[in-house]
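**Student:** Quick one: the structure is below, and I'll ask about it shortly.
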Amino acid sequence: MRPNIAVFLLFFSMSITVLAQSARQEKAITLPAGVSVDIASASVSPTGNLVAAICSDDMLRIWSAQSGELVRSLKANTGAHSAVQFSGDGRLLAVAYEIVAYEKGTIQVFDVDSWKLEDDLTSLPLYAVIFSPDSRRLSDAGDLGTEIWDLKAQKKVASMSPPFGGSAALAFSPDGRWVATADQDTFVRVYDASTGNLHSSLQGSLLEPAAVAFAAGGKSLVVGRVDKTVSIIDPDAGKVIRALPKQPGLIWSIDVAADGKRAVIGYNSAEGFSDIHHLTLWDLDKGTVLADFQKPGIIVTGGTFVGDHYLFLAASGNQLTLWSLP
Amino acid sequence: MLNRRDVLQKCIALGAVSIASQFSAEEMLAAFQESEKQPRKPTPPNTMGPFYKRLVPVNDVLRAPGDSGIPLNLSGQVFDTRGDIVPGAIIEIWQTNHKGYYDLEGYRYRGKVNVNKSGAYSFESVIPGHYPDKSRICQHIHYAVVSPGHKPLVTQLYFATDPVFDGDPAKNYSRDPLLQTPELIRPVILTGDPSEVHAKVRFELCLERL
């Protein structure tokens, strides 16, 4: 006998509640008095040991996730901080600065052990920076487009930009061969990471993509848009394979686990950027929600998969809290 | 609307301008018009934001009868940095309604026009609201301007009347975290009568040549 819809909804809502409760607070980091954290600019190291965040006083602070102690703080001496990101092996930290708005930026790459400056790259102004999986290359995205850098050679490999507007987000494929961009002209584009040549492009929707991540070992691309949709795309053909059920919120971040089967998707309230953020853990193969986390008064700032778990940062009052999803 | 060349020819016809030269009136008018041009500073860019929507229909009347909010007439001309009019430009704009909400389902408060031979454009809309999330993002209208031979321009128009600026946009523009210059903040002219106030804003656009 098929359960009626009411029973199904009751079961569904109970399961979500139970799973949401199982999201566990791991650590708390107390911010200096009067300082808050930019909601878009925080990164947890892939080992889960360090947390880096751009703060409202334009200081970049790095804390030990284990002890909550401040490890280092960097003053923005060449411009305003615009993005921060740990490399996949946790060895490097990229810190981006805006020097001249809509004209010029800088990316500094630090060795996390010695805090020695490894690279100092003159870039476009940007608001997203990522490392290639082997940590040898770096790519950035901003209002003027996307760049790819060879860190060893300390030179720019390629610059790509849509016909107008820039790129909101980007991702390296797991083998480092491709860079996918979520472009403000509503296209998702996939480029050869060695040359910058266009490999494929997809319109897919009338509204802008805001988040992009590779899945299934690079065989698919997960794209989240302002229209609240998440699509699974064939990155070679530039075609939508399927879509996840629509959720009530604008998508602002996507991260896929190393197994390529689960994704954490961040949603904004349609009411505005800074109101409510919540994270949902998805089974990408089944297209089902595994867990949902939403709590009043908490703003999710960023996160990363660490092994089988997903660690995320939440800002609440004067604290950054580190949580784990099951 | 007469273009500058038409106006100069009318001046000749009415005797306001006389040609005392061995060169033709056409040549002299062309030289006069060229010397009148002022180099212009390109319009500063601003972020495109996440709410652009593709395939917006050609439409310069974004305000529907009975819409709430202060009616707004938005107009201007498109130039290049040499001061030449750019007649072939296409302007797309998108904005929130007066309560600060974008239409993501349809094309309300989204429009597109081809500028005329004088480089002029206009839209009928309403003054957009602040975002409801209480952020310090000021009231704004997004612009995307494209024209063959010119660098695409993505920018935003802001209103000098926005309460965030406290009446002094030149001093307080940086209260909006996305505003890098007061040049994008335009004065507002109120028209109509107290029972139905209308706002007029001019926003000249200057494109860089490729």
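**Student:** Regarding region B:71-207, what are the three Cα extents along the principal axes, ordered largest first, in Å?
**Tutor:** 40, 34, 31
**Student:** Shielding of B:42-49 by partners, i.e. mean partner chain Cβ atoms within 10 Å per residue?
**Tutor:** Mean inter-chain Cβ contacts per residue within 10 Å come to 5.
**Student:** Lys/Arg Cβ at +1, Asp/Glu Cβ at -1, dipole of region A:37-102 taken about the Cα centre: which of A:Ala53, A:Ser73, A:Val37 is farthest positive-ward?
**Tutor:** A:Ser73
**Student:** Could you tell me which residue out of A:Gln247, A:Val84, A:Val190 lies farthest along the dipole of chain A toward its positive end? Charges go on the beta carbon: Lys and Arg +1, Asp and Glu -1, centred on the Cα centre.
**Tutor:** With unit charges placed on the Cβ atoms, the residue in question is A:Gln247.
**Student:** Could I ask something else about it? Give the residue list of trypsin sites (Lys or Arg not before Pro) in region B:59-133 that are DSSP loop and have at most 11 other beta-carbon atoms within 10 angstrom.
**Tutor:** B:Lys117
**Student:** Give me B:Asp80, A:Asp255, A:Asp283, B:Asp166 sorted ascending by neighbouring Cβ count inside 10 Å, so fewest comes first. Before the final figure, lay out the partial values.
**Tutor:** Working: B:Asp80 23, A:Asp255 20, A:Asp283 13, B:Asp166 10.
The most exposed by this proxy come first: B:Asp166, A:Asp283, A:Asp255, B:Asp80.
**Student:** Same structure again: Got a sec? How would A:Ser56, B:Ser135, A:Ser231 order by Cβ neighbour count within 10 Å, fewest to most?
**Tutor:** Values: A:Ser56 12, B:Ser135 15, A:Ser231 21.
Result, fewest neighbours first: A:Ser56, B:Ser135, A:Ser231.
**Student:** Cα convex hull of the protein assembly as shown: how many Å³ per residue? All intermediate terms of the calculation are to be shown ahead of the outcome.
**Tutor:** Numbers: hull volume 103.2 nm³, N = 536.
Taking only Cα atoms, the protein assembly as shown has a hull volume of 193 Å³ per residue.
**Student:** On to the next question. Measure up B:Lys41/B:Lys117; A:Lys152/A:Lys239; A:Lys228/B:Lys99 against 28 Å on the Cα-Cα distance and list the ones that go over.
**Tutor:** Over 28 Å apart, Cα to Cα: A:Lys152/A:Lys239.
**Student:** Would you list the P(r) distribution for region A:226-314, with all Cα-Cα distances sorted into 5 Å bins from 0 and each bin expressed as a whole %?
**Tutor:** It works out to 3, 14, 25, 24, 19, 11, 4, 1, 0, in whole percents.
**Student:** Counting other C-beta atoms within 10 Å, which of A:Glu103, B:Glu183 has the fewest, and how do the rest follow? Mind showing how you got there, number by number?
**Tutor:** Details: A:Glu103 11, B:Glu183 15.
Result, fewest neighbours first: A:Glu103, B:Glu183.
**Student:** Which whole number in µm²/s is D for region A:43-113 by Stokes-Einstein, with the Kirkwood Rh taken over Cα pairs at 4 °C and 1.567 mPa s?
**Tutor:** For the chosen part, D equals 105 µm²/s.
**Student:** Connecting C-alpha atoms closer than 10 Å in a GNM of chain B, tell me which of B:Gly49, B:Gly66, B:Gly149 has the biggest fluctuation.
**Tutor:** Result: B:Gly66 has the largest fluctuation of those listed.
**Student:** Quick one: 3J(HN,Hα) in Hz for region B:152-161, Karplus 6.51/-1.76/1.60 with θ = phi - 60°, rounded, Gly and Pro as x.
**Tutor:** With the stated coefficients, region B:152-161 comes to x, 10, 10, 8, 9, 9, 10, 10, 4, 7 Hz.
**Student:** Based on DSSP loop calls and a cut-off of at most 10 other Cβ atoms within 10 Å, the longest stretch of chain A free of exposed trypsin sites (Lys or Arg not before Pro) is what?
**Tutor:** Counting only loop sites that pass the neighbour cut-off, the longest clear stretch is A:1-115.
**Student:** Next question. Using a simple charge model, +1 on the beta-carbon of Lys and Arg, -1 on the beta-carbon of Asp and Glu, nothing else, what dipole does the protein assembly as shown show about its Cα centre, in debye to the nearest 20?
**Tutor:** Roughly 500 debye for the protein assembly as shown.
**Student:** Please compute one quarter of the surface area of the Cα convex hull for region B:104-168 and express it in square nanometres.
**Tutor:** Seen from a random direction, the Cα hull of region B:104-168 projects 6.6 nm² on average.
**Student:** Determine Rg/Rh for region B:1-136; Rg is computed over alpha-carbon atoms and Rh is the Kirkwood hydrodynamic estimate from the same atoms.
**Tutor:** Numbers: Rg = 20.4 Å, Rh = 18.0 Å.
A ratio of 1.13.
**Student:** Would you kindly calculate the translational diffusion coefficient of region A:118-186, applying Stokes-Einstein with the Kirkwood radius from alpha carbon pairs, for 25 °C and a viscosity of 0.890 mPa s, and quote it in µm² s⁻¹ without decimals?
**Tutor:** For the chosen part, D equals 205 µm²/s.
**Student:** Given charges of +1 on the Cβ of Lys and Arg and -1 on the Cβ of Asp and Glu, with all other atoms neutral, how large is the dipole of region A:43-137 about its Cα centre, in debye to the nearest 20?
**Tutor:** Charge dipole of region A:43-137: 40 debye, to the nearest 20.
**Student:** Let me ask something additional. Hey, what does the equivalent ellipsoid look like for region A:138-289, semi-axes from the Cα gyration tensor as sqrt of 5 times each eigenvalue, largest first, whole Å?
**Tutor:** 24, 17, 14
Values quoted throughout were computed directly from the atomic coordinates according to the rules given, and no laboratory measurement underlies them. Computed from a prediction, not measured in an experiment: that's the story for all the values here. As a convention, Cβ positions derive from the backbone with ideal geometry for all residues, glycine included, and neighbour counts pool all protein chains shown.
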